[in-house]
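Notes follow once the structure below has been shown.
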Amino acid sequence: MDELSTVSTSVQYIVVKLGNERFGINISYVDNIVRMTRMTRVPEVAPYIKGVINLRGEVVPVMSTRIKMGLEPDVETNATRIIILKFEQQGFIGCIVDAVNEVVTLSTDSIEKVKDSDGDTFVQGVGKTEDGLISVLDLDALINEQI
């Protein structure tokens, strides 16, 4: 009976690129993936908020994931996408990524937790796949205003 309790669960992640790095976004948060579109600027917001878009009648704030994570600013290409995430409390939020690569399934056993002494990382763990390592994003930390 004890063997059944050690069975790991699997979670699907959308693998996105930011620069040369690969990041995983838990697919249960993903509502939509859209091409870059014209955004309406909003005055006096955080520097990482690029504006808002109209998605099916819903006004969705869009943030630069790169700027939020302290990376160099976005360079828009044909592969650039906006990942629309849905949260219970905050509603919809768009995150700009350089490219969307694939969907992978990772078992909880294959993800090593990141040791963070400061509590200010956007990565909750690193998953191992046949193609290499994927940093699993902590979406709550990413959209949290205090960081």
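Take the residues in segment 60-96 that are of a type in the set (Val, Ile, Thr) and either surrounded by fewer than 17 Cβ atoms within 10 Å (Cβ to Cβ) or touching a Cys at 6+ places or on another chain (Cβ under 9 Å) (or both); name whichever of them is nearest to Glu44 (Cα to Cα).
Once the filter is applied, the top-ranked residue is Val62.
Being over 19 Å from Tyr29 (Cα atoms) and among the hydrophobic types (A, V, I, L, M, F, W, C) is true for just one of Ala79, Ala99. Which residue is that?
Testing whether each residue is over 19 Å from Tyr29 (Cα atoms) and among the hydrophobic types (A, V, I, L, M, F, W, C) leaves just Ala79.
Mind counting the residues in segment 20-52 that are closer than 26 Å to Val136 by Cβ and not hydroxyl-bearing (Ser, Thr, Tyr)?
Within segment 20-52, residues that are closer than 26 Å to Val136 by Cβ and not hydroxyl-bearing (Ser, Thr, Tyr) number 19.
Consider Lys115 against the criteria (1) surrounded by fewer than 19 Cβ atoms within 10 Å (Cβ to Cβ); (2) within 18 Å of the chain's Cα centre (by Cα): it satisfies all of them except one. Which criterion is unmet?
Condition (2) is where Lys115 drops out.
Being outside any strand (DSSP E or B) and at pLDDT below 95 is the filter; apply it to segment 17-27 and report the residue that is nearest to Leu85 (Cα to Cα).
Restricting to residues being outside any strand (DSSP E or B) and at pLDDT below 95, the top hit is Gly19.
The values are calculated or read from the model by the stated rules, or taken from the named source; none is laboratory data. Given the structure is predicted, the values throughout are model-derived calculations rather than measurements. So basically every Cβ, Gly included, is an ideal-geometry build from the backbone, and we count neighbours across all protein chains shown.
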